[in-house]
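Below is one structure; the comments refer to it alone.
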């Protein structure tokens, strides 16, 4: 019992045992042994991140100032790549589609939250089976899920078109993946369907860590369902939720396999989200300077999109550390 | 557990059941259709109907006997497991320190991680391939494990850090007052408390390896540790005509193991919490 209560003290009603006075009163500076531990623990992480990600990143910044063909000598051209990009009409199409595609995260969050809240209730039977079922879209490679949807949405022979036609919702088959109006919405919806269980797993783990006694206490104080959600549930899952939203925005925008498989970035540039544009420059036109220029702008756009969540997340962690 | 004794009123029940039903339908309608397609003979693939007229195992036989698909499933399994273990060995200590300790350069570290999270991975493929060939990791399992860390470590640290930071701060101090070293406080006190989140993360990390196409495709050859996702991708877009029935069989074979694994891991979660409440 004591262990359970000690897990999340401070919110909403502090039931943690009194802190040992000595430990609480003075936070000692880390002693030598602890400092060793800190650096020893950090070392592998820092090594991995710097070697696997930061060196390529810095090299990319360097490359974006060059005309850098796949084969042949690179040539310094300063900001020319950036000027070319901002001047091009397709670039702004790309930005628009990227913003639309990032909305997928909101849909994912809605589905994941509904499923996680429902499956954290005690009265639902066969919970672990349903949890497994929820996982299914994410339990197979996104390229596979893409293939499934290509089959289901096939304009001539697929299930979806068939039912939409027979119910009279549409009058003639729609070529979902090449229709300029639909293609960008379809890749967004398929991405939402594919990736939402990622958030579901994280949110469920966070919900499971809330001690039942908090809900009981809130009920004793007469809190209704909405109040209980606001006062008990939300504060405890906010950190996990923000972390998951940040990761999903970043990954939705950086991972390319599925939308590329579905539409190849077309028609025209209608579904070329920034990551696909990067791919087109790098591997279809062999222009690595331009590819990294787009890549850096992708980082910038992603950063702008996650900035508010990042801010909230940092605040949440600081608060947690004050408790 | 206390959960069972609590009186559930009507509103949460209605909300929960309807939420559950909607999400289940969204997941199960496409899947049900696919699962049944896997049992259709080739000529029925594009009849839009749920039940096959003739039940057939041809596609299953073809996938296993001709394509040797189970071998690739095994490869995916090893790729995912190795990646998950390696990732947690690196990320758990890092995230613990990052979430709970003060040290110089912490802010710099924060941006190092954020940037790692945002990097357009597709640009890493060519540099990695060149490097992997040079250092002999190309077409090997450890090479895949290492490459997957690009995805896993940043997000694992990100999530673990939040979890560790939210554990009450006096825990280690108590342990140390009672004579634990800093390391023992981590190993004996903090690690067991983080078990549910570590299990979930291990599972998500496994899925990164299991699902990855980008690196699995570029860093392996037909003779090496090809994973199932590459094989499925090739059969979905490679040939002139897609064998949809075989593809659906492969889809099911690739989708079921992680689901079972997750259901089993759930037992692990429940055990953790059963101990916690009484």
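Suppose we filter B:97, B:92 for residues that are buried (at least 21 other Cβ atoms within 10 Å of the Cβ) and in contact with a helix residue (DSSP H, G or I) (Cβ under 6 Å, 6 or more places away or on another chain); which single one remains? Of B:97, B:92, the one residue that is buried (at least 21 other Cβ atoms within 10 Å of the Cβ) and in contact with a helix residue (DSSP H, G or I) (Cβ under 6 Å, 6 or more places away or on another chain) is B:97. For the range A:265-274, state whether one or more residues are part of a helix (DSSP H, G or I), in contact (Cβ under 8 Å) with a residue 12 or more places away in the chain and under 30 Å from residue A:77 (Cα atoms). Yes, the range A:265-274 has at least one match.
Out of curiosity, is residue A:82 in contact (Cβ under 8 Å) with a residue 24 or more places away in the chain and closer than 18 Å to residue B:120 by Cα?
On the way: in contact (Cβ under 8 Å) with a residue 24 or more places away in the chain: yes; closer than 18 Å to residue B:120 by Cα: yes.
Against the criterion (in contact (Cβ under 8 Å) with a residue 24 or more places away in the chain and closer than 18 Å to residue B:120 by Cα), residue A:82 qualifies.
When restricted to residues that are at pLDDT 90 or above and either assigned to a loop (DSSP other than H, G, I, E, B) or more than 19 Å from the chain's Cα centre (by Cα) (or both), the range B:67-94 contains 2.
Go through B:45, B:78, B:73, B:34 for me and flag whichever is within 21 Å of residue B:234 (Cα to Cα), surrounded by 15 or more Cβ atoms within 10 Å (Cβ to Cβ) and facing chain A (nearest Cβ under 7 Å).
Working: B:45 fails: facing chain A (nearest Cβ under 7 Å); B:78 fails: facing chain A (nearest Cβ under 7 Å); B:73 fails: facing chain A (nearest Cβ under 7 Å).
After ruling out the rest, the residue left standing is B:34.
For the list (1) at pLDDT 85 or above; (2) within 8 Å of chain A (Cβ to nearest Cβ); (3) surrounded by fewer than 17 Cβ atoms within 10 Å (Cβ to Cβ), I need the number of the one condition that residue B:12 fails. Only one criterion is unmet by residue B:12, namely (1). Scanning the range B:146-163 for residues that are more than 7 Å from chain A (Cβ to nearest Cβ) and surrounded by fewer than 23 Cβ atoms within 10 Å (Cβ to Cβ) yields a total of 1.
Every residue, every condition in (1) farther than 29 Å from residue A:112 by Cα; (2) within 28 Å of the chain's Cα centre (by Cα); (3) crowded, with 20+ Cβ neighbours inside 10 Å, yes or no:
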{"position": "A:157", "(1), (2), (3)": "yes, no, no"}
{"position": "A:161", "(1), (2), (3)": "no, no, yes"}
{"position": "A:166", "(1), (2), (3)": "yes, no, no"}
{"position": "A:169", "(1), (2), (3)": "no, no, no"}
{"position": "A:172", "(1), (2), (3)": "yes, no, no"}
{"position": "A:177", "(1), (2), (3)": "no, yes, yes"}
{"position": "A:182", "(1), (2), (3)": "no, yes, no"}
{"position": "A:187", "(1), (2), (3)": "no, yes, yes"}
{"position": "A:190", "(1), (2), (3)": "no, yes, yes"}
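Screening the candidates B:190, B:253, B:218 for the property of being at pLDDT 80 or above, farther than 27 Å from residue B:131 by Cβ, part of a helix (DSSP H, G or I) and within 11 Å of another protein chain (Cβ to nearest Cβ) yields one hit, B:253. Restricting A:254, A:243, A:282 to those that are farther than 23 Å from residue B:153 by Cα and in contact with a helix residue (DSSP H, G or I) (Cβ under 6 Å, 6 or more places away or on another chain) reduces the list to A:282.
Is it true that residue B:106 is more than 19 Å from residue A:57 (Cβ to Cβ), without any contact (Cβ under 8 Å) to a residue 40 or more places away in the chain and either surrounded by 18 or more Cβ atoms within 10 Å (Cβ to Cβ) or facing chain A (nearest Cβ under 7 Å) (or both)? Explain how you work it out, then say what you get.
Details: more than 19 Å from residue A:57 (Cβ to Cβ): yes; without any contact (Cβ under 8 Å) to a residue 40 or more places away in the chain: yes; either surrounded by 18 or more Cβ atoms within 10 Å (Cβ to Cβ) or facing chain A (nearest Cβ under 7 Å) (or both): no.
Against the criterion (more than 19 Å from residue A:57 (Cβ to Cβ), without any contact (Cβ under 8 Å) to a residue 40 or more places away in the chain and either surrounded by 18 or more Cβ atoms within 10 Å (Cβ to Cβ) or facing chain A (nearest Cβ under 7 Å) (or both)), residue B:106 does not qualify.
Looking across the range B:201-232 at every residue that is without any contact (Cβ under 8 Å) to a residue 60 or more places away in the chain and closer than 24 Å to residue A:201 by Cβ, the one that is nearest to the chain's Cα centre (by Cα) is identified as B:204.
Every residue, every condition in (1) within 30 Å of residue B:157 (Cβ to Cβ); (2) within 9 Å of chain B (Cβ to nearest Cβ); (3) at pLDDT below 55; (4) in a loop (DSSP other than H, G, I, E, B), yes or no:
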position	(1), (2), (3), (4)
A:5	yes, no, yes, no
A:24	yes, yes, yes, no
A:28	yes, yes, yes, yes
A:43	yes, yes, no, no
A:86	no, no, no, no
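Before we move on, is residue A:237 more than 9 Å from every other protein chain (Cβ to nearest Cβ), in a helix (DSSP H, G or I) and without any contact (Cβ under 8 Å) to a residue 60 or more places away in the chain? For residue A:237, the condition - more than 9 Å from every other protein chain (Cβ to nearest Cβ), in a helix (DSSP H, G or I) and without any contact (Cβ under 8 Å) to a residue 60 or more places away in the chain - is met.
The values are calculated or read from the model by the stated rules, or taken from the named source; none is laboratory data. Owing to the predicted nature of the structure, the values given are computational and were not obtained by experimental measurement. Backbone-built Cβ (ideal geometry, glycine too); neighbour counts: all protein chains shown.
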